[in-house]
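Below: the structure, in structure tokens.
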Amino acid sequence: MRRASFLAAGMAAAFVLAACGGDDDPTAETDQPDATEEPEADTAPEPADLRLWVNGADTPQEMRDWLVETFEAQNPGSTLTIEEQSWEGLVERLTTSLASSTETPDVIEVGNTQAPTFTNVGAFLPLTDEQVAELGGDDMLPGFVEAGTADGVVSAVPLYAGSKVVFYRTDLFEEAGVDVPTTPDEFVEVAETLTEASDNPNFSGFYFPGADWRNAVAFIWDAGGDLAVQNGDTWEGALSTPESQAGLEVAKRLFDQSNAPKDGDEAESWIPWCADEIGMLSAPGWAYGVIQDPEAGCPGTPAADNIGVFALPGSNGAAPVLLGGSNVAISAQSQNPELAYELLKLILSDDFQAQYAQNGLTPAKISLTSEMEENETNAAAIAAAATAKLTPAAENWASVEGARILEDFFIGIATGGDVAELSGNADAAITETLN
């Protein structure tokens, strides 16, 4: 039985080579600091130029500016450069960069579903129990701590979490004579009604691009299905089960009514929203702030002035949407581990984390959820979070995402492919990749 995916095995080999390099190898083992040693209390880290990778737009520019200014003020002589990465292709870029002492960023944001793979191959610097306690300890989101733990050692801690909510056009609902749906069938019917009522060929009652597996999985879970299940020591794709097939039929109806790009994803979905091309949109709560941002081109338009929010309806209350979010870690190949830890402490500080809460995301610390504003968007997000789920807890799940198995699968459904046949093929690919 193959116990590691190609990606994980490749990363492990890269780290072995880095540790066993010759005299010209800057990552030779003798040059590496002891990952478990605490810096001396009376010795400040040497000044250095640090790099932080953040992904997508979840961390707003004002938060980035605050982080740079505060870090550089607290660490005279050091600089911080924040580099934004796209979620698309992130696994491949991390696989390459994290194995190199010359290419790696010092501190990295990684998706919570991707963290286990990189944690298990030693890509991140292990944290001591004292450091974990200093960063937040039991106050940190437990599921995200678990995702960043391997063999009982934590090396990636929570950064933020976020549940998707459904934004809808209150004016279009009124014109079409429909109410906020309370069941999956009603949700599909409302989407179909809104699409049929529009004379815009680009309009979608529910915006659902073909590669949007992160929203599609909610319909599978609500029907009792899953992406993959564990059978003993083996993981198996589960899209072909009767429960998953029932959920996929709901997703297919929604793909059929949507005029979103059949090969596109959900990135920057506020652009068609602002163009009056969407009746309902499933997105993180922070998307409301983007829509209201003057630079988005929405303010003053019907798309910005007629927004309602609700949790995606399921068969029994809110549907189990994917609990998105990220972990943050220090690269095992960082040449500035002590200074990188100072940055990690700042990222987990109450002052920084409270800003995530104020921007509609669940902060890394449970105690700071009180900082989330009491409004319709956050109320819907909290309701969604109550039933939200994570992707299968398989060590090699990041390899499934990196191979775009789910994107290709749902694009196939969106473009009219046979659901049962596509499911069987995807199950085989998932099973091979996870084991």
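We did not get these values from a lab; they are worked out from the coordinates using the rules stated. Bear in mind that the values here come from a model prediction, so they are computed numbers and not experimental data. Ideal geometry is used to build each Cβ from the backbone, glycine not excepted, and the neighbour counts take in all protein chains shown.
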Practice item. Please work out the Cα center distance from region 309-378 to region 49-102, rounded to the nearest Å. Key: 16 Å
Study note, to complete from the structure: Against the 2.2 N^0.38 Å rule of thumb, the C-alpha Rg of the chain sits at a ratio of 1.01
Point to revise | Highest-first arrangement of 237-245, 76-84, 361-369, where packing means the average Cβ count within 10 Å | key: 361-369, 237-245, 76-84
Study note, to complete from the structure: Ranking Met372, Trp270, Ser97 by how far each Cα lies towards the positive end of the charge dipole of the chain (+1 on Lys and Arg Cβ, -1 on Asp and Glu Cβ), the top one is Trp270
Review point. From the phi of every residue in region 101-114, what ³J(HN,Hα) in whole Hz does the Karplus formula 6.51 cos²θ - 1.76 cosθ + 1.60 yield, where θ is phi - 60° and glycine or proline is x?
Key: 6, 8, 9, 5, x, 7, 10, 10, 8, 9, x, 4, 7, 8
Check your understanding: Just how many pairs of Lys in the chain have C-alpha atoms closer than 26 Å, counting pairs that are eight or more places apart or on different chains?
Key -> 9
**Study point:** Mean shadow area of region 116-239, taken as a quarter of the surface of its Cα convex hull (nm²)
**Key:** 11.6 nm²
Revision key, fill the gap. With the label point 7 Å along the Cα-to-beta-carbon line of Asp256 and a cut-off under 17 Å to each amide N, the hits in region 157-199 are 184-197
Exercise for review: Calculate, for Arg64 and Ala133, the FRET efficiency according to 1/(1 + (r/R0)^6) with r their C-beta to C-beta distance and R0 25 Å; round to the nearest 0.05.
Suggested key: 0.40
Point to revise | Cut-off 14 Å (backbone N to label point 7 Å along Cα→Cβ of Thr415), residues of region 179-221 | key: 210-212
Review point. Comparing Ser163, Ser315, Ser334, which has the greatest mean-square fluctuation in the GNM of the chain with Cα pairs linked when under 10 Å apart?
Key: Ser315
Review point. Based solely on its DSSP helices, what 222 nm [θ] is calculated for the chain when runs of n ≥ 4 H residues each add -39,500 (n - 2.57) and the sum is averaged over all residues, nearest 500 deg cm²/dmol?
Key: -12000 deg cm²/dmol
Practice item. Could you list the residues of region 402-430 with an amide nitrogen less than 19 Å from a label point located 7 Å from the Cα of Gln230 in the Cα-to-C-beta direction? Key: 430
